[in-house]
1. Ranked by Cβ crowding within 10 angstrom, fewest neighbours first, how are 94, 39, 179 ordered?
2. How far apart, in nanometres, would the label points at residue 16 and residue 115 be if each is projected 7 angstrom from Cα along the Cα-to-Cβ direction?
3. May I ask what percent, to the nearest 5, of DSSP beta bridges between residues of region 3-178 are antiparallel?
4. Using Cβ counts within 10 Å as a stand-in for footprinting exposure, how do 147, 30 rank, fewest first?
5. Using a Förster distance of 35 Å, how high is the FRET efficiency between residue 33 and residue 151, based on the Cβ-Cβ distance and rounded to 0.05?
6. Mind sorting 145, 108, 79, 189 by how few other Cβ atoms lie within 10 Å of their own Cβ, fewest first?
7. Output needed for region 3-178: three equivalent-ellipsoid semi-axes, defined as square roots of 5 times the C-alpha gyration tensor eigenvalues, in descending order, whole Å.
8. Only Cα pairs within less than 10 Å get springs; with that Gaussian network setup on the chain, which residue of 144, 22, 133 has the largest fluctuation?
Ligand SMILES: C[S@@+](CC[C@H](N)C(=O)[O-])C[C@H]1O[C@@H](n2cnc3c(N)ncnc32)[C@H](O)[C@@H]1O
């Protein structure tokens, strides 16, 4: 459906704009490490949306936790190499929407995901810059194959993101969510041109931190506009089991 293409694209964009992305990466990693510090037990951590691991402090987590599970639809070579060379890092392929089989058949039905919910050893779950991404490729697919209209796309986007939040809410582990809230475009002077919800207008989950991610500085998309994301970070639940 285009996931590999997207991951390679994100990785290439990171290499072009490493400096502009650094604040976002530092903030994400710091927030996750802080959530990890507050975990009473450190057996298994599940990192959702692993991709190229830019925003994930994987090595530090591998030193603290017995097991680190990197979840995505596929894993880039750098991620595979890290897992190959680090005994307690494992790669798992999983559709975190639990709906791609329906989507690829042209349906806008969706399911509530359940992966890892029955694993009592999971002490920390991190949803890392994935929530707003989950519906995007499926929507493009459904527009092309099933000719869904703007209203159907919007409702499908809401359903998929809502299902992700409900899914995260079911873990008894500590759950850390980092996600885009808004996408903003600015002109050459930095003045705001537009701002849209990245969550299809769903309300922002309660969060403890927020920052701007300069994802596409001037020149990346065109010379007159830059795009940035307003990112929120939340400890949705704190596991206090001893
Ligand atoms: C913006 S990237 C996350 C950034 C990543 N944490 C990093 O630092 O490189 C979003 C990731 O979500 C993954 N993804 C999108 N839809 C998914 C799904 N249905 N199930 C699992 N992973 C999915 C994509 O493959 C992509 O790697």
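Since every read-out is calculated from the coordinates, none of them should be taken as a lab result. This one's a predicted model, so the numbers in the text were calculated from it and none came from an experiment. When we count neighbours, we look across all protein chains shown, and the Cβ atoms used for this are built from the backbone with ideal geometry, even at glycine.
1. 94, 39, 179
2. Between residue 16 and residue 115, the simple spin-label model gives 2.9 nm.
3. Here the share of antiparallel DSSP bridges comes out near 0 percent.
4. 147, 30
5. 0.25
6. 189, 145, 108, 79
7. 28, 20, 15
8. Comparing 144, 22, 133 in the GNM, the peak value goes to 144.
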